[in-house]
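Enquirer: Sharing a structure here in structure tokens format.
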Amino acid sequence: MSDVSVTVYTREDCHLCSEAVDTIERVADEEGVAVDLSLVDVDADPELREAYGERVPYVLLDGSPAFKYRVDERRLRRKLTD
């Protein structure tokens, strides 16, 4: 089985972003699922800053939108193990 691609759109000093990344890493570890985690700073790109504004963290799993603002642990477990 290949790694699950996880992209988190984030920004500096975002406590919800830190919580989201911590939850993703912990749940993936507990479920024994390998993830390829990429963090994208929306403030580094004017187009991303315009597109996402304050809507971070925004999480994609294998390229599909999965979570906005908070990562629901139960839903993440289902998504990673289905």
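Enquirer: With every protein chain left in place, what is the accessible area per residue of region 1-69 in square angstrom, probe 1.4 Å? Kindly include the intermediate steps, with their values, before the conclusion.
Expert: On the way: 4100 Å² over 69 residues.
Here the residues of region 1-69 average 59 Å² of exposed surface.
Enquirer: Separate question: Loop-only check: which chymotrypsin sites (Phe, Trp or Tyr not before Pro) in region 4-82 are DSSP coil with at most 15 other Cβ within 10 angstrom? It would help to have the intermediate numbers written out before the result.
Expert: Working: sites: TYR9, TYR52, TYR58, PHE67, TYR69; in loops: TYR69.
Filter output for region 4-82: TYR69.
Enquirer: GNM, the chain, Cα, under 10 Å: largest mean-square fluctuation among GLU54, GLU19, GLU31?
Expert: Looking only at GLU54, GLU19, GLU31, the biggest GNM fluctuation is shown by GLU31.
Enquirer: Using DSSP to call loops (not H, G, I, E or B), can you name the trypsin sites (Lys or Arg not before Pro) in the chain whose Cβ has at most 14 other Cβ atoms within 10 angstrom?
Expert: Sites meeting the loop and neighbour criteria: ARG55, ARG70.
Enquirer: So, with a 1.4 angstrom probe, what is the percent of accessible area on the chain that is carbon and sulfur? Can you show the working numbers first?
Expert: Values: 2220 of 5190 Å².
For the chain, the apolar C and S fraction of the accessible surface comes to 43 percent.
Enquirer: While we're on this one: Which whole number in µm²/s is D for the chain by Stokes-Einstein, with the Kirkwood Rh taken over Cα pairs at 20 °C and 1.002 mPa s?
Expert: On the way: Rh = 12.8 Å.
Here the translational diffusion coefficient equals 168 µm²/s.
Enquirer: To continue, here is another question. Would you mind working out the magnitude of the charge dipole of region 6-53 relative to its Cα centre, with +1 at each Lys and Arg C-beta and -1 at each Asp and Glu C-beta, to the nearest 20 Debye? Walk me through the intermediate numbers first.
Expert: Working: 3 positive and 14 negative charges, 18 e Å.
So the dipole magnitude of region 6-53 works out to roughly 80 debye.
Enquirer: Considering the chain as a Gaussian network with a 10 Å cut-off on Cα pairs, which listed residue, ASP62, ASP13, ASP36, attains the greatest mean-square fluctuation?
Expert: Of ASP62, ASP13, ASP36, the most mobile in the Gaussian network model is ASP13.
The values are calculated or read from the model by the stated rules, or taken from the named source; none is laboratory data. All values reported here derive from a predicted model rather than from experimental measurement. Virtual Cβ from ideal backbone geometry, glycine too; neighbours counted across all protein chains shown. Quick note on the areas: whole protein, heavy atoms, side chains included, nothing else; ligands and nucleic acids left out. Shrake-Rupley method; radii C 1.70, N 1.55, O 1.52, S 1.80 Å.
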